[in-house]
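The values are calculated or read from the model by the stated rules, or taken from the named source; none is laboratory data. Note that this is a predicted model, so its numbers are computed, not measured. Cβ placement follows ideal geometry from the backbone for every residue including glycine, while neighbour counts extend to all protein chains displayed. With ligands, DNA and RNA removed, areas are computed over all heavy atoms of the protein, side chains included. Shrake-Rupley method; radii C 1.70, N 1.55, O 1.52, S 1.80 Å.
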Amino acid sequence: MDKQTRIDRVAETPEDRILFARLYEKLTGAERRSIVGVTCFLAPREQVLLRRMLPDFPLTFFGGYEGAERTLCCYLPEYLDETWLLSEESPVAAVRATYYEKDTLTHRDFLGSLMGLGIKRETVGDICVAPGRCDILITREILPYVLDNLTSAGRTKLSTEEIPLAAVQPPRQTVKERRDTVASLRLDALVGSGFGLSRGKAADLIVAGRVSLDDLPCLKGDKLVEPGSKISVRGMGKLVLKDVGGRTKKDRISILLEIYC
């Protein structure tokens, strides 16, 4: 299958075509020359589509720590293994910003400060905010610039330093299980169940493009969801359809959800 056909299979917008053409050249060119190939940071949707575009290509996704949401995609030649990604030569670097703990800062505050410095979003990975500190994953190329210029977030002063990737502290997530019954395994029914919404409100969120199914946006409320699938609602959290049981006496379906918030 040629390059253009591969891109046509996954691209949904003109921006997609530009991005995936660039990713294709970066990764396949690295393979031809047997050198390391590293992309920009990719959102979950872009990661899924890249896997679809290059299903048989040896892709390694790395965001600085296990479970990172935004990751680089790498081609590693045979003389390197994945431990290289954790070395001092890693294409990912980590910055810890510390601040007065009683000041309340959010992901948006840090992202806004980085964008205000003229830094491109594609060079920034996960932003892990905790009281008094924030661990920021970035491409190594911009590390000196970030250390020299990221001095505040909002009106709060920051102190920054590089830290080893092994020292990154991912955001803490609360996981809870919920057992419920639904009329069907439609997407809108599961969003409503997981986030305590009416089916109508869940349907509105889906139509508005705020809901993703297995990291891809889904605008169809009647889409049937398979066990093990992940549902994300922007601004609210995510859930996994952990298990599907039998039908109740009222002909509803028993489900078990894992909810991350």
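In the range 1-34, the residue that is modelled with the lowest pLDDT out of those that are assigned to a loop (DSSP other than H, G, I, E, B) and open to solvent by 60 Å² or more (accessible area, probe 1.4 Å) is MET1. For LEU137, the conditions (1) buried (at least 19 other Cβ atoms within 10 Å of the Cβ); (2) farther than 29 Å from GLY154 by Cβ are fulfilled apart from (2).
Mind checking which residues of the range 207-261 are under 19 Å from the mean Cα position of the chain (by Cα), small (Gly, Ala, Ser) and assigned to a strand (DSSP E or B)? Hits for the range 207-261 are SER212, SER232, GLY237.
Within the range 197-204, the presence of at least one residue that is among the basic types (Lys, Arg), touching a helix residue (DSSP H, G or I) at 6+ places or on another chain (Cβ under 9 Å) and in a helix (DSSP H, G or I) is confirmed. In the range 142-165, how many are out of contact with any strand residue (DSSP E or B) (no Cβ under 8 Å at 6 or more places or on another chain), open to solvent by 70 Å² or more (accessible area, probe 1.4 Å) and either closer than 9 Å to ALA93 by Cβ or at pLDDT below 95 (or both)? Counting residues in the range 142-165 that are out of contact with any strand residue (DSSP E or B) (no Cβ under 8 Å at 6 or more places or on another chain), open to solvent by 70 Å² or more (accessible area, probe 1.4 Å) and either closer than 9 Å to ALA93 by Cβ or at pLDDT below 95 (or both) gives 1.
Residues that are over 16 Å from ASP180 (Cα atoms) and open to solvent by 40 Å² or more (accessible area, probe 1.4 Å) within the range 229-259 comprise LYS230, ARG234, GLY235, MET236, LYS238, listed in sequence order. Of all residues in the range 183-204, those satisfying the criterion of being aliphatic (A, V, I, L, M), surrounded by fewer than 21 Cβ atoms within 10 Å (Cβ to Cβ) and within 20 Å of TYR260 (Cβ to Cβ) are LEU185, LEU197. When LEU76 is tested against the conditions (1) open to solvent by 40 Å² or more (accessible area, probe 1.4 Å); (2) aliphatic (A, V, I, L, M); (3) in contact with a helix residue (DSSP H, G or I) (Cβ under 9 Å, 6 or more places away or on another chain); (4) over 24 Å from ARG121 (Cβ atoms), the lone failure is (1).
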